[in-house]
1. May I ask for the net charge around Gln124, where only other residues with Cβ less than 15 Å from the Cβ of Gln124 are counted and Lys, Arg are +1 while Asp, Glu are -1?
2. Once phi is turned into ³J(HN,Hα) by the Karplus curve 6.51 cos²θ - 1.76 cosθ + 1.60 with θ = phi - 60°, what whole-Hz value does each residue of the range 154-168 show in order, with x for glycine and proline?
3. At 0.36 nm per residue, minus the direct Cα-Cα distance, what do Val224 and Asp46 gain on full extension? Give it in nm, one decimal, please.
4. Residue separation times 0.36 nm, minus the C-alpha to C-alpha distance between Lys104 and Asn53: what's the value?
5. Restricting attention to the range 155-201, which trypsin sites (Lys or Arg not before Pro) occupy a DSSP loop and are surrounded by at most 14 other Cβ atoms within 10 Å?
6. Put one equal scatterer on each alpha carbon of the range 78-147, apply the Debye formula with no solvent term, and list log10 I(q)/I(0) at q = 0.16, 0.20, 0.21, 0.29 1/Å to two decimals.
7. Taking square-rooted eigenvalues a ≥ b ≥ c of the alpha carbon gyration tensor, is the range 128-226 rounded, prolate or oblate, where a/c under 1.5 means rounded and, failing that, a/b exceeding b/c means prolate?
8. Return, ordered by residue number, the residues of the range 48-64 whose backbone nitrogen is under 17 Å from a label point located 7 Å along Cα→Cβ of Asn73.
Amino acid sequence: MKLQKKHLHIAIIILGAIFLILPSFHTSLWFDESYSVAIAKHSFADIWTITGNDVHPALYYWALHIIYLIFGNNILLFRLFSVLATIIVGVLGYTHIRKDFGEKTGIFFSFLTFFLPAMTAHSQEIRMYSWAFLIIAVTSIYAYRFYRNVKDKNDTGKMKNIVIFGIFSVCACYIHYYALITTCLINLHLLIFLIRNRKDAKIDLRNFLILAGIQVLLYIPWLVYLLRTNNARTQWILDRDKPCKYTS
């Protein structure tokens, strides 16, 4: 029976990948996608500056720029790059979720990743959403694994789990502001858990605080842009809500 479920899971991943890839062979763009394509042509430094005055961080656009440097202005590859992220998330259902939560949960995770309408739509856009989903998925998986290490007093893979969690936490902060909020909440939950269990997890709490400090330091270069963007948005909302004054 386990072998059959394993084969079913693999079949879902293969069919799901085909399901996402086939509709991606077109070069039509909507406005936000055209913005992504245009920004990919700039240098890494220019992308940092331009996106600093935009509503999204630079990491995704840097990745697009690498594709641009290697393959040129290839819209198809830009789109397949987004699809790739969703496919990897679906594979995580087999390689990670299945191991952590059981075969049925892994199968449902992969199936919903590939076949939910919202996932299908966003995975084919030349935008950062599918990559934000992947990065948060990996952040969550390794946060959970580190949590289980501490709770079960099991040191197997603990350092690997916290390091991968930290790396993807930082990536989340630089991929999308919603991902930033999500990873901050994940970090907060872990911190609360470690503080509540500090008697048995003093070393883990110390390591986590060091990791949290590193995350903050690595995000400081972008913090000025985040604050500037938020101030600009707040001012825009205030100006928008002011009553119009007409003069005769």
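1. Summing Lys and Arg as +1 and Asp and Glu as -1 gives -1.
2. Result, ordered by residue: 10, 8, 5, x, 4, 5, 4, 5, 6, 5, 4, 4, x, 4, 6 Hz.
3. On the way: separation 178, 0.36 × 178 = 64.08 nm, distance 1.64 nm.
62.4 nm is the gain from fully extending Val224 to Asp46.
4. Details: separation 51, 0.36 × 51 = 18.36 nm, distance 4.44 nm.
So the chain would gain 13.9 nm between Lys104 and Asn53.
5. Numbers: sites: Lys158, Lys160, Arg196, Arg198, Lys199; in loops: Arg198, Lys199.
Sparse-neighbourhood loop trypsin sites (Lys or Arg not before Pro): Arg198, Lys199.
6. For the range 78-147 at q = 0.16, 0.20, 0.21, 0.29 Å⁻¹, log10 I(q)/I(0) is -0.51, -0.77, -0.83, -1.25.
7. In terms of gyration-tensor shape, prolate.
8. 64
FYI, it's all coordinate maths here, none of it is from the lab. No experiment lies behind these values; they were computed from the predicted model shown. When we count neighbours, we look across all protein chains shown, and the Cβ atoms used for this are built from the backbone with ideal geometry, even at glycine.
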